[in-house]
């Protein structure tokens, strides 16, 4: 023991930004010719990245953004309240098999879930079956929320009838009325008329219940970015405040009737910052609406994003769900739903539901994340990201207001247009693997054994925003290959020794595996030997794999021999210029990092005769 404080970094000089910049330039200029070195501004430009909807991510943050504030107080960035316990673990149930659903409902509540969310309507739990699905549930102990993509009023009536039928005096939950989310999914005109009636009934008879949900999931499912999700949420909330005020419900009372349902995805920091920014924006709406300061916090129910879930290599979804759950918890969500890992395959079973539930319980009870208020607060990166999101979303919100508000923006196509711009950029990033999907577009399994699940009921026809998972474009490639009479193949003509071709062979084979294409190959040999092996494989296409040094001596000769042996198409892993030849017309294309992998694989399947 000593009275002298232990200085763990005491023997190290405190680095300055100038010191950091020197090291950056050393790395980035290591192989650049003399006289063509990057300046620090050029280097920073290369290190700086941007998100799909235009947020700038700096390579280094060195200064606080502004006053940090405290949880539970304006502007509520750090939390709608001060807490010392975990969030509400909210289990989703949507299986129309009432007996199975009831058994799973009771299992969830007995094994750690603290509330329920039931999807009601066509393709889910029938409204008339809701009481049977909830049999044995004590409303005073387990809050229940409902939602519907077909008939929200029927769902609300069914839940209210359940509470009334059980004689519950302490019912808690949400009736799930959200006319704009329903319109976004169905494409029909939004009908806000039921809102005021149900809000007034809840205020009079069910003090522990909220009538309205501002559900952002339809927009996330369709591809909306973080900025637009925030803008749509705030604009929807404002539309509901105006509608309720016209019906005689004060903004203060209306604030207490709204819950936000938001997405959480595997982009940890953006999810954290988005939840923080939403509270700040909603608090500002409350401030200008005259809502008392203590009542301005936004209550958020975070749901792990359906759009990020993959059908192929589905067990990776367990990792995505874990990251998204962690991010929602750190971001301060009051309730979290973790979707089962097999959601894209079919209806979840007991095992996948248990894994989803235990993901939350481990984070809450073993990792103790919920015991800390806003643990990311004070991080210069998180605070900067929160500020950027809030500022850009406010601008987008004002544009929606200038266009007549959220109802008009949805009906006019403005919402769909904004989402289309984001999805186009994301589509490019996915196709080039700048935005990779592990197990699908990167590091796919060669001989994956698909999991099975009970099929979902047919979804009702809808003309609204079309939901699309990020991985679907790659899954379509796999489906095309799976349906082929004979498994398609591309020959890998590997030149030289393994030290020459190993890296590019591995890269190219992984690109082909994205679609499930087989890749027989050679290891060295003369042009004639390689061509003979390619012809014997039955492949119609070959890709040269080696180093620039070997390409310079062999690539054109091997490509010529391949064409002479009947190989119709020859590509090169890398660039044609690496051959050193003036005429590279015998090589039909290139495979390289940053290419449009989707276009390449679609074209490859076309060339080798795999049916659409």
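None of the figures in this text is laboratory data; all of them are computed from the coordinates on show. Remember, it's a predicted structure, so these values are computed and weren't measured experimentally. Ideal geometry is used to build each Cβ from the backbone, glycine not excepted, and the neighbour counts take in all protein chains shown.
Details
- Cα-based convex hull, segment 130-195, per residue volume (Å³, whole number): 80
- Convex hull of segment 164-310 built on C-alpha atoms - directionally averaged projected area, nm²: 9.9
- D (Stokes-Einstein, µm²/s), Kirkwood Cα radius, segment 130-251, 0.692 mPa s at 37 °C: 216
- Degrees between helix 226-246 axis and first principal axis of the chain (Cα, 0 to 90, nearest 10): 20
- Take the Kirkwood radius over Cα pairs of segment 243-351, plug it into Stokes-Einstein at 20 °C and 1.002 mPa s, and you get 140 µm²/s for translational diffusion.
- With coordinates expressed along the principal axes, the C-alpha atoms belonging to segment 283-420 extend over 48, 37, 27 Å, beginning with the largest.
- On Cα atoms only, tilt of 98-110 relative to the major axis of the chain in degrees: 80
- Debye-sum result for segment 437-507 in log10 I(q)/I(0), which assumes one identical scatterer on each alpha carbon, at q = 0.14, 0.21, 0.24, 0.25 Å⁻¹: -0.73, -1.21, -1.29, -1.30
- Order by protection proxy (mean Cβ within 10 Å, highest first), peptides 255-263, 449-457: 255-263, 449-457
- Distance from the C-alpha centroid of segment 536-612 to that of segment 389-447: 35 Å, rounded to the whole angstrom.
- Compactness of segment 360-407 as Cα Rg over 2.2 N^0.38 Å, two decimals: 1.78
- Using the average count of surrounding beta-carbon atoms within 10 Å as a protection proxy, the listed peptides 541-551, 349-359, 240-250 rank, highest first, as 541-551, 349-359, 240-250.
- For segment 491-607: rounded, prolate or oblate by the Cα gyration tensor [a/c cutoff 1.5]: rounded
- Least to most buried among 57, 587 (fewest other Cβ within 10 Å first): 57, 587
- For segment 158-225, the spread of Cα positions along the three principal axes, ordered from largest to smallest, is 42, 22, 17 Å.
- Segment 431-577: equivalent-ellipsoid semi-axes (sqrt of 5 x gyration tensor eigenvalues, Cα, Å): 36, 17, 13
- Rounded to 10°, Cα long-axis angle of helix 268-288 versus longest principal axis of the chain: 30
- Cβ-based exposure ranking for 24, 597, in which fewest neighbours within 10 Å come first: 24, 597
- For segment 66-119, the fraction of alpha-carbon pairs in successive 10 Å shells from zero, as %: 21, 31, 19, 19, 8, 1
- Convex hull volume per residue in cubic angstrom - Cα atoms of segment 71-152: 119
- Based on the reciprocal of the average 1/r between different C-alpha atoms, the Kirkwood radius for segment 220-268 equals 12.3 Å.
- Relative compactness, segment 182-255, computed as alpha-carbon Rg over 2.2 N^0.38 Å: 1.19
- P(r) tail, the chain: Cα-Cα pairs separated by more than 48 Å, 25% of all pairs.
- Among beta bridges that DSSP assigns inside the chain, antiparallel share in %, nearest 5: 5
- When only alpha carbons of segment 88-406 are considered, Rg and Dmax amount to 18.5, 52 Å.
- Highest to lowest packing among 78-85, 325-332, 159-166, scored as the average C-beta count within 10 Å: 325-332, 159-166, 78-85
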